[in-house]
Each structure stands twice: as C-alpha cells, then as structure tokens.
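I have placed the structure first, in the form of structure tokens, so that the comments after it can refer back to it.
Every read-out reported here was derived from the displayed coordinates using simple, explicitly stated rules and does not represent laboratory data. Since this is a predicted model, take the numbers as computed values, not measurements. In this analysis, Cβ positions are derived from the backbone assuming ideal geometry, glycine residues included, and neighbour counts consider all displayed protein chains.
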Amino acid sequence: MVRLVARASFPKSVLVAVGQVVVYAEFCRIMELPGTERRSVRASKEITVSRTGKAASAENAPHTHQIRHLGSAASQSGKTAARRPFSWRMGPASSHHLVSVPRVPHCPHFTWVFAMKRYSIGSLIREGLRGHTGWEQAWRQVETPKASYDAVIIGGGGHGTATAYYLAKEHGMRNIAVVEKGWIGGGNAGRNTTIIRSNYLNDASAAIYQHAMDLWTTLGRELNYNIMMSHRGVLNLAHDDGEARALKRRVEANRLNGIDAAWLDAKEVQEFCPIVNIDPDIRYPVLGGTLQKVGGVNRHDAVVWGYARAASALGVDIIQNCEVTDIRTEAGAVVGIETTRGSIRTPKVASVAAGHSSVIAKMVDVKLPIESHPLQALVSEPIKPLNPCVVMSNAVHVYCSQSDKGELVIGAGIDPQISYTQRGGFDVIEHQLAALIELFPIVSRLRMLRQWGGIVDVCPDASALITKTKVKGFYVNGGWGTGGWKATPGSGHVFADLVANDEPNEIAAPFALDRFYSGKLVAEHGAAAVAH
Amino acid sequence: MFIIECPYCGKRDQNEFSYGGEAHIARPTNSDIQDDETWADYVFLRSNTKGVFAERWMHAAGCRKWFNALRNTASDKILAIYKQGEQPPQIAGEDLATPAGEPVIGSGNDATKVLQPGTAGVVK
Ligand SMILES: Cc1cc2nc3c(=O)[nH]c(=O)nc-3n(C[C@H](O)[C@H](O)[C@H](O)COP(=O)(O)OP(=O)(O)OC[C@H]3O[C@@H](n4cnc5c(N)ncnc54)[C@H](O)[C@@H]3O)c2cc1C
Ligand SMILES: [Zn+2]
C-alpha cells in the first residue's frame with residue numbers, strides 16, 4: 001500500500017520524512033520526553049515561580065502545600081510519581097520554597113541574543129525532505145577569547161555549562177565565557193552512568209538534589225534539546241538487616257522532605273525488575289529495596305550540548321581546547337586568567353573542574369578537602385530490553401541500567417589511589433562483573449564492549465563544595481565525587497546565584513568550605529557509599 | 001593496577017596493598033591549644049597533587065608494614081619507594097606534555113595541539 005502511494009504520487013523523501021516523524025513521535029512518547037507530559041501536571045508545575053533561596057511570598061505557600069501533597073500521594077501509590085513535580089521545603093515553616101522553572105517563553109529575561117533555529121517536529125520534517133543538509137551548528141564556535149569577560153567559568157562539563165546558562169538567563173550576565181581544556185562534555189560528564197535520583201538522607205542534600213530533579217523534568221523543553229530524560233525508576237537494594245533498616249530510615253526521611261520514596265520487599269523488587277535474583281540462598285540475598293520512581297537516566301552529551309547551545313544563544317562564549325594555566329590576583333582579588341589561547345581579564349573566576357578542582361584552586365593557593373580518584377564504567381554488547389529500571393546495590397557493589405541501544409551500562413567503584421590518569425585497575429571492573437552476575441545470573445554469558453574511566457573529586461563527607469573562597473572573585477563548585485551528574489541543573493542554578501550575588505542562597509549555603517572548620521558536615525556516605 | 005615493590009618483600013600485585021593517602025602529614029602538636037583552622041587543615045585538607053606525589057602504602061596481605069612511595073599521579077608511574085620515617089628522595093619532576101601535566105596519550109586533553117613545545121610541565 002505504502003509502495004503504491006509512493007509510486008503514485010509522493011516523492012520518496014516525503015515518505016521518509018513522514019516515517020521519521022512518526023518514529024520520533026513514538027520515541028518521545030515512550031521516553032516521556034518534554035511536550036508529551038500530561039497538561040494537568042504541567043499546569044500545576046507552573047503555578048508559581050519563585051527564585052531559589054529567596055523566601056517565597058505568602059500566596060505561594062498554599063500551592064507549595066498542594067503540590068507537596070500531590071507529591072507524597074504519588075509516592076505512596078507509587079504509580080504516577082514519575083511524572084509529578086515535587087516541591088521542596090527546607091527547614092522551619094518560615095521558608096517555603098517552590099523550586100520550579102518557567103518554560104522558556106514565559107521567562108521575562110529570556111531573549112535569544114543570537115538567532116538560532118529552534119528544533120521542532122517542523123524542522124525535522126523540513127530537514128527530512130532536504131536530506132538533513134540544513135542543520136546549522138548547535139552553538140557558536142569561538143576560537144579566540146575576548147580580552148575581557150565579566151566572569152569566566154573553568155570547565156565545560158555539565159555543571160560548568162549549566163552555570164553559564166543560568167548566569168546568562170537568570171542574572172543577565174551575558175558577557176561571560178566557559179573555558180574548556182578539551183571538548184565540552186569530554187570529562188566526567190561524558191563518562192558517567194547518568195543515574196539520577198534525589199533520595200538523600202540529610203535535609204541539605206535532599207534540597208539540592210530535589211531542586212535538580214525538579215529542573216530535570218522540564219529541562220529538555222526549556223533548552224529546546226532532547227536530553228532523553230527517562231524517569232524509569234531507581235532501585236537501591238538491601239542485602240542484610242542493617243542495610244534494610246538504614247534504607248527504611250532513608251525512605252522515612254525522604255517522605256518527611258516531600259521526596260518520592262518507597263520501600264519494596266523482595267517480591268515487589270522482582271515485580272518491578274524481573275531479572276533480579278531473589279533466591280534467599282545466595283551469598284547476598286535481596287531482602288528488599290527502596291524505589292524512587294521519579295529517578296532514572298538521561299543522555300549526558302545532550303545535556304551538555306543543550307546547555308551550551310542555550311547559553312551560546314544568550315551570548316555566552318564557549319571556548320574549547322583552551323586550558324587555564326594560571327589565575328592572576330591583585331590584592332587578594334581575581335583579576336584574570338592565563339590560558340593556552342592567551343590572557344583574559346575578569347573579576348570573577350568560577351572553577352567547575354570536577355577531578356581537577358584542586359589543581360585549579362592551587363593556582364590561587366586555596367587548599368581543598370578533595371581527593372581525586374579514577375572511577376570506571378563499562379557497557380556490554382547490545383541486547384534486547386532486559387532491565388527496565390536502574391538497579392543499585394551497595395553491598396555487592398554494582399549499579400546498572402540499560403541504554404536505548406540495548407547495552408547494559410554498569411558502574412564500577414573507585415580505585416583507592418589518587419590519580420589523574422582517567423584509567424582504573426582491571427581488578428576493580430572484574431569485581432564489578434562478579435557483583436553483576438550475583439544479582440543478575442541471566443547476564444553471565446554477556447560480553448563487555450567498552451570500558452573507560454573518569455577522575456572523580458571526592459570530599460571527606462561525600463558531599464559537594466559550592467563555595468566562595470578567601471580569594472575575592474574565586475568560586476569553587478566541585479567535590480561531587482562519584483555522584484554529581486544527578487545534581488547538574490540544581491548545582492549550576494545555585495552556583496550561578498552565588499557567582500552573580502557573591503552570597504550563597506539557602507540551598508547552596510550548607511555546601512560551603514567552612515563546614516570543614518565548623519564541623520557541620522553533610523555526611524552522605526550512607527546514601528552514597530561508593531556507588532551513586 | 002600497579003606492581004608495587006614492597007621494601008621488605010619485593011614486587012607484588014597492588015591487590016596485596018592497602019592505600020594510606022598523602023604521606024608526611026604531621027599531626028599538630030599541643031593539640032589542646034590548636035585552633036579550628038589548624039585542625040581542619042590536618043584532618044581534611046589535602047594537596048591532591050597532580051604530578052610527583054608522596055603517598056603511603058601498607059602491605060596488607062604480606063608483611064603488613066607501612067612504607068612510602070613517590071608516584072607521578074598524572075602518569076601513574078612509581079618513581080621511588082622509601083621506608084616509613086625516611087624523607088622522600090629528591091626526584092626531578094618528569095617533563096610533562098601539557099600545562100595541566102598530562103601525558104599526551106590517553107589524557108583527552110586536546111589543548112596540547114595548540115601549544116608551542118617547551119612551554120609545558122610545571123609541576124607545583
Ligand atoms: C564512571 C563514572 C560514573 C558516574 N556515574 C554517575 C551516576 O550514575 N550518577 C551521577 O549522579 N553521577 C555519576 N558520576 C559523577 C558525575 O559524572 C560527576 O559528578 C559530574 O559529571 C561532574 O561534573 P561535570 O559534568 O561538570 O564534570 P566534568 O565533565 O569532568 O567537567 C569538568 C571539566 O573541566 C575541565 N577542566 C579541568 N581542568 C581544566 C583547565 N585547567 N582548564 C580548562 N578546563 C579544565 C575538564 O576538561 C572537564 O571537561 C560518575 C562519574 C564517573 C567517572
Ligand atoms: Zn611486604
């Protein structure tokens with residue numbers, strides 16, 4: 001029939017284009033991409049927009065409660081949680097935060113400085129008809145930095161590009177640059193297993209990770225970039241009574257903070273993820289686990305490229321293959337940087353260099369409580385859909401999801417030694433695969449395709465640093481260690497606020513460097529162990 | 001994974017050793033009168049050096065003795081092993097390829113391509 005029609009009237013390219021659109025639309029539906037969410041949910045999301053860290057006005061409060069209620073109801077039923085927005089309330093009743101982002105067209109600040117063609121079904125059809133010859137580059141190439149900027153961000157990973165975007169969009173700082181020594185997204189951003197969840201124990205962590213989660217749910221639409229956000233659910237398994245108790249406690253703490261969390265017994269775990277081995281007679285029997293349905297995975301490159309593209313459209317210079325070699329100060333304040341593409345004058349330097357945070361900080365004689373370790377991941381050969389969610393286990397130590405290509409994506413542990421080589425030991429991944437087979441005997445004959453390593457910046461309390469320093473104009477965002485991907489939008493958002501206003505907002509404040517002097521640590525080893 | 005030469009037992013697989021982190025961090029004396037800055041520095045702050053780095057290892061599955069190593073954390077090359085209580089031998093920093101001190105291969109650092117030769121290799 002199609003053939004007939006094709007022969008009869010249409011040129012083949014029309015059919016190809018229509019076919020692509022149908023496939024794309026179906027893909028969007030399956031992946032729950034922006035634009036396919038239910039309208040009602042979106043409406044409730046956009047009731048109020050209050051900037052993070054500033055006390056929400058009184059009329060916001062009822063909405064806050066309303067959405068909180070929705071959130072906890074959803075998490076209890078465990079059914080629709082994945083699509084529900086959650087708001088975050090921190091501390092005493094005095095400060096209600098409704099942390100949510102406006103859609104692009106509604107934001108008063110948002111004007112595209114450089115005209116870039118928006119991606120849409122229309123553009124897909126048009127390009128399908130033209131044989132994909134008309135796509136323009138996603139962001140402006142900047143080969144030579146300007147002589148001066150109002151702020152320079154060191155590091156073009158997820159957190160760096162996000163910081164640039166929010167600085168430009170929400171703080172009107174357009175004369176800024178992101179300086180990246182390799183290609184943007186080539187660091188941990190491009191190497192991580194993209195597990196996203198917000199079920200952290202402490203209030204301070206819950207606040208920032210949930211802030212990120214709220215932003216993730218609408219990010220694809222906001223950036224006009226398909227980040228392939230998939231809220232497929234994250235399971236954390238318990239293998240002994242102590243672990244089960246700790247995880248149950250975490251569920252209760254999460255619920256008190258309005259965060260989606262549920263406890264599943266072993267049978268329910270297997271219902272949710274049929275390939276988990278729940279035989280009670282194995283070495284590490286599965287006693288149960290927590291489920292965060294709103295958790296999931298997304299596409300790391302797309303997040304970085306999407307942020308870079310939107311930031312670039314707002315006027316931000318993205319400068320690649322440009323390494324920062326020194327930071328110049330005068331009278332205790334930043335005045336500029338040296339790079340492999342020349343000197344740049346700037347009063348503000350924001351270091352978002354992940355594994356290299358200490359190296360950058362050393363340029364201004366700031367010592368950090370960070371140690372850098374290799375962390376590895378690997379993927380299997382592609383197979384048919386097998387693992388419907390993300391499964392994490394601290395006791396056997398493995399975390400695993402399945403990519404859209406069909407590869408199992410498997411995260412390993414860190415090597416013990418400090419290293420900047422982006423290489424880890426073979427024994428570490430050998431251990432990972434032993435753990436994987438313990439949990440999923442079905443994959444025992446699967447072959448592994450690729451393996452790689454990143455350098456993660458680990459803080460002693462397993463929480464990040466978002467901080468000013470003793471040097472005026474030098475800010476650090478780092479120490480995210482093995483689990484910072486999930487925080488990307490939230491981290492960039494509150495860090496931009498810090499860089500613009502020189503004061504941390506309420507979400508960022510607990511992550512300042514001075515916690516190591518005051519002793520007010522944000523200990524998250526329990527929520528994190530090594531796997532995040 | 002490394003082959004590490006225990007000064008007492010000889011060359012062994014890294015699996016036999018446990019890692020002790022940065023070496024030569026002295027506990028502050030007069031602990032009753034030290035301020036928070038000094039304590040934070042001692043307990044939490046680390047040099048996290050990229051380049052030649054002094055670190056501690058313990059031969060856990062062997063003689064169970066602690067010793068020190070000098071290793072280039074940018075290349076993972078072990079440059080010297082010396083006993084607990086000894087001072088690190090003087091080692092000239094290796095000539096590294098890029099400003100950030102990475103070897104060209106495997107670093108993912110394309111900044112090397114825009115560099116003039118000879119400007120690199122400051123190990124702080
Ligand atoms: C194998 C692995 C698995 C992981 N899995 C998860 C996970 O499942 N979930 C999760 O939440 N997190 C995970 N993480 C952690 C997460 O990847 C990081 O916390 C996060 O990506 C760090 O932020 P970033 O994206 O900004 O870092 P990066 O992408 O590393 O960005 C830092 C950038 O700074 C640049 N830079 C450094 N020095 C200089 C200089 N001198 N001049 C210019 N540029 C410089 C680097 O080239 C780099 O591009 C994982 C990490 C790894 C390695
Ligand atoms: Zn020995």
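Below 14 angstrom from the Cβ of A:GLY424, what's the summed charge of the other residues (Lys, Arg +1; Asp, Glu -1)? Write out the running numbers ahead of the final one.
Details: positive: A:ARG191, A:ARG423, A:ARG450; negative: A:ASP415, A:ASP427, A:GLU430, B:ASP76.
Result for the local shell: -1.
Suppose the Debye formula is applied to equal point scatterers at every Cα of the range A:421-501; what is log10 I(q)/I(0) at q = 0.19, 0.26 Å⁻¹?
With no solvent term, the Cα-only Debye profile gives -0.93, -1.23.
Report the net charge of residues surrounding A:THR194, where surrounding means a beta-carbon distance below 15 angstrom and charges are Lys +1, Arg +1, Asp -1, Glu -1. Mind showing how you got there, number by number?
On the way: positive: A:ARG191, A:ARG197, A:ARG232, A:ARG299, A:LYS405, A:LYS486; negative: A:ASP301, A:ASP404, A:GLU407.
Taking every other residue near A:THR194 into account, the sum is +3.
Using a 10 Å cut-off on Cβ to Cβ distances, tally the other chain neighbours for every residue of B:47-57 and report the average as a whole number.
On the way: counts 6, 18, 6, 11, 2, 0, 4, 0, 2, 0, 2.
Per residue, the average neighbour count from other chains is 5.
Under the definition of partner shielding as Cβ atoms of other protein chains within 10 Å of a residue Cβ, what is the mean value for peptide A:352-358?
Working: counts 0, 1, 0, 2, 4, 1, 6.
Counting Cβ atoms of other protein chains within 10 Å of each residue's Cβ and averaging gives 2.
Could you give the nm distance between label points at B:TYR82 and A:ARG245, where each point is 7 Å from its Cα heading toward the beta carbon?
The modelled label-to-label distance comes out at 4.8 nm.
Over all distinct alpha-carbon pairs, what is the Kirkwood Rh of the range A:180-324 in angstrom?
Values: mean 1/r = 0.0578 Å⁻¹.
That comes to 17.3 Å for the range A:180-324.
Peptide A:170-181: average number of partner chain Cβ atoms within 10 Å per residue? Write down the numbers at each step before the final one.
Working: counts 0, 0, 0, 0, 0, 0, 0, 0, 0, 0, 2, 10.
Average neighbour count from other chains, rounded to a whole number: 1.
First select every other residue whose beta carbon is under 13 angstrom from the beta carbon of B:TYR82; then total the charges, Lys and Arg +1, Asp and Glu -1. Could you put the intermediate results ahead of the total?
Working: positive: B:ARG56, B:LYS65, B:ARG71, B:LYS83; negative: B:GLU5, B:GLU55, B:GLU86.
Its environment carries a net charge of +1.
In the structure displayed, which of A:LYS367/B:LYS83; A:LYS362/A:LYS520; A:LYS472/B:LYS50; A:LYS146/A:LYS348 lie more than 22 Å apart, Cα to Cα?
Details: A:LYS367/B:LYS83 27 Å; A:LYS362/A:LYS520 24 Å; A:LYS472/B:LYS50 25 Å; A:LYS146/A:LYS348 15 Å.
Listed pairs above 22 Å: A:LYS367/B:LYS83; A:LYS362/A:LYS520; A:LYS472/B:LYS50.
Could you give the size of the charge dipole of the range A:425-500 about its Cα centre, using +1 on the Cβ of each K and R and -1 on the Cβ of each D and E, expressed in debye and rounded to the nearest 20?
Numbers: 7 positive and 6 negative charges, 56 e Å.
The dipole magnitude comes to about 260 debye.
Need the C-alpha centroid separation for the range A:402-429 versus the range A:122-187, integer Å.
First find each Cα centre; the distance between them is then 28 Å.
Could you point to the residue in A:GLY182, A:ALA246, A:SER230 farthest towards the positive end of the range A:137-254's charge dipole, with +1 and -1 charges on the Cβ of Lys/Arg and Asp/Glu respectively?
Ranked along the dipole, the leading option is A:GLY182.
Of the listed peptides A:380-386, A:281-287, what is their order by residue-averaged count of other C-beta atoms within 10 Å, with the highest listed first? Kindly include the intermediate steps, with their values, before the conclusion.
Numbers: A:380-386: 13.1, A:281-287: 14.9.
The most tightly packed comes first, giving A:281-287, A:380-386.
Starting with the fewest neighbours, write out A:HIS211, A:HIS159 ranked by other beta-carbon atoms found within 10 Å of each beta-carbon.
Numbers: A:HIS211 29, A:HIS159 33.
With the sparsest Cβ surroundings first, the list reads A:HIS211, A:HIS159.
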